[in-house]
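The values are calculated or read from the model by the stated rules, or taken from the named source; none is laboratory data. Keep in mind it's a predicted model, so treat the numbers as computed, not measured. Glycine also receives a Cβ, built like all others from the backbone with ideal geometry; neighbour counts cover every protein chain displayed. To get the accessible areas, we keep the full protein, side chains included, count just its heavy atoms, and leave off ligands, DNA and RNA. Shrake-Rupley method; radii C 1.70, N 1.55, O 1.52, S 1.80 Å.
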Amino acid sequence: MSAGAGTGPDGDDPVVVSGLRKSYGPFRAVDDLDLRVRRGEVLALLGPNGAGKTTTVEILQGFRRRDGGRVSVLGCDPAHDRRGWRARIGVVPQSTGGYDDLTVSDVLRHFTALYPRPLPVGRLLEMVGLAAKANVRASTLSGGQQRRLDVAVGVAGDPELIFLDEPTTGLDPAARREAWELVRFFAGRGATTLLTTHYLDEAQALADRAAVIVGGRVVECGPVDRLGAAHRSGATISFRLSRGQSASSVRALFPQLAVDGAGQVSWESTAPTGDLGRLLAWAEQHRLGEITDLQLRRPSLEDNYLRIVAEHTGQPPAADLAGVRAS
């Protein structure tokens, strides 16, 4: 990507947000939000519907005015929206569209003309894998190809910072994977990417870090594979009691266990390796042979995400499943 001007007092971080606030009447959509995006990383913004993600991103892009707080994007305040600054960012919304009567190359020629130092049209076509479609109408592209064109439009100015808004919504699995490869491609070229997504598997596949926004604030931010580490209980161990077998003896070892009406025994373990060892010794002592339906399940990214949201909304974890999807 093109080398930009200095990043100002915030050092090398392309995006620095401190105490950001935005209200719509009595509703505070963004409430004292803090966020940093590091140079060259892919940061995923996660959160339930209405959490403040879209408002935050629109403020960073200079499309919406804030009520308070400090925002630095590539060393500038987006509220002042200088033309040179805008040429350094790329915005890929959910769908740009509207090119039905134009060929793919015509679309890109139109958008590259808006930038002082754009990428050549031929190079853009090669970068997004549409060189063979240069002279066909955009309306004839498949869903995945259309998304590639959207990305090409968004990066036509050779931006240092790319905003991707739900890049794979509505795409079939094959087209989703194609879009993922594009994100990886631009990350490999050194671009910084702020990715808004409702798909946890997408964040896990693409992002270096994730920030969870709830109630207008970033409530957790860190590496995706460590998301919700403070909420992890270790693992859930479960097995099924044999016919006529009582849970009393195993309860003596694990007082926290629960037993349902079908004889399924389960408990949350903070030391699963040790607990499994004690369980196997118990089974051998009672000459049980194989332990029926023995399972050890560690919390998934979805489990940890839902726990984070539940902690900050007061809702049961399952209540938020409509706001984020594991796919």
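Here residue 220 passes the criteria (1) part of a strand (DSSP E or B); (2) of a type in the set (D, E, K, R); (3) touching a Ser or Thr at 6+ places or on another chain (Cβ under 7 Å) except the one numbered (3). Restricted to segment 129-144, and to residues there that are open to solvent by less than 50 Å² (accessible area, probe 1.4 Å) and at pLDDT below 90, the residue that is farthest from the chain's Cα centre (by Cα) is 143. Condition (residue is hydroxyl-bearing (Ser, Thr, Tyr), under 26 Å from residue 309 (Cβ atoms) and buried (at least 17 other Cβ atoms within 10 Å of the Cβ)) applied to segment 264-274: is it met by at least one residue? Yes; the residues of segment 264-274 include at least one that is hydroxyl-bearing (Ser, Thr, Tyr), under 26 Å from residue 309 (Cβ atoms) and buried (at least 17 other Cβ atoms within 10 Å of the Cβ).
Could you grab me the full set of residues in segment 150-204 that are in a loop (DSSP other than H, G, I, E, B) and among the polar types (S, T, N, Q)? Break it down into steps so the answer makes sense when it comes.
Taking segment 150-204 and keeping what is in a loop (DSSP other than H, G, I, E, B), we get 155-160, 166-172, 189-191, 197-198.
Result: 168, 169, 197.
Within segment 164-181, being within 20 Å of residue 14 (Cβ to Cβ) and either surrounded by 23 or more Cβ atoms within 10 Å (Cβ to Cβ) or touching a His at 6+ places or on another chain (Cβ under 9 Å) (or both) holds for 164, 167. Would you confirm whether any residue within segment 232-240 is open to solvent by 10 Å² or more (accessible area, probe 1.4 Å), free of Cβ contacts under 8 Å to residues at least 24 places away in the same chain and either part of a helix (DSSP H, G or I) or not hydroxyl-bearing (Ser, Thr, Tyr) (or both)? Looking through segment 232-240, none of the residues is open to solvent by 10 Å² or more (accessible area, probe 1.4 Å), free of Cβ contacts under 8 Å to residues at least 24 places away in the same chain and either part of a helix (DSSP H, G or I) or not hydroxyl-bearing (Ser, Thr, Tyr) (or both).
Against the definition (assigned to a strand (DSSP E or B) and farther than 24 Å from residue 169 by Cα), how does residue 212 come out, yes or no? So residue 212 fails the test.
Residue-by-condition table, conditions (1) touching a helix residue (DSSP H, G or I) at 6+ places or on another chain (Cβ under 6 Å); (2) part of a helix (DSSP H, G or I); (3) at pLDDT below 90; (4) within 30 Å of residue 214 (Cα to Cα):
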{"site": "273", "(1), (2), (3), (4)": "no, yes, no, no"}
{"site": "288", "(1), (2), (3), (4)": "no, no, yes, no"}
{"site": "299", "(1), (2), (3), (4)": "no, no, yes, yes"}
{"site": "303", "(1), (2), (3), (4)": "no, yes, yes, yes"}
{"site": "307", "(1), (2), (3), (4)": "yes, yes, yes, yes"}
{"site": "311", "(1), (2), (3), (4)": "no, yes, yes, yes"}
{"site": "315", "(1), (2), (3), (4)": "no, no, yes, yes"}
{"site": "322", "(1), (2), (3), (4)": "no, yes, yes, yes"}
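Take residue 202 and decide whether it is among the acidic types (Asp, Glu) and open to solvent by less than 10 Å² (accessible area, probe 1.4 Å). Criteria met by residue 202.
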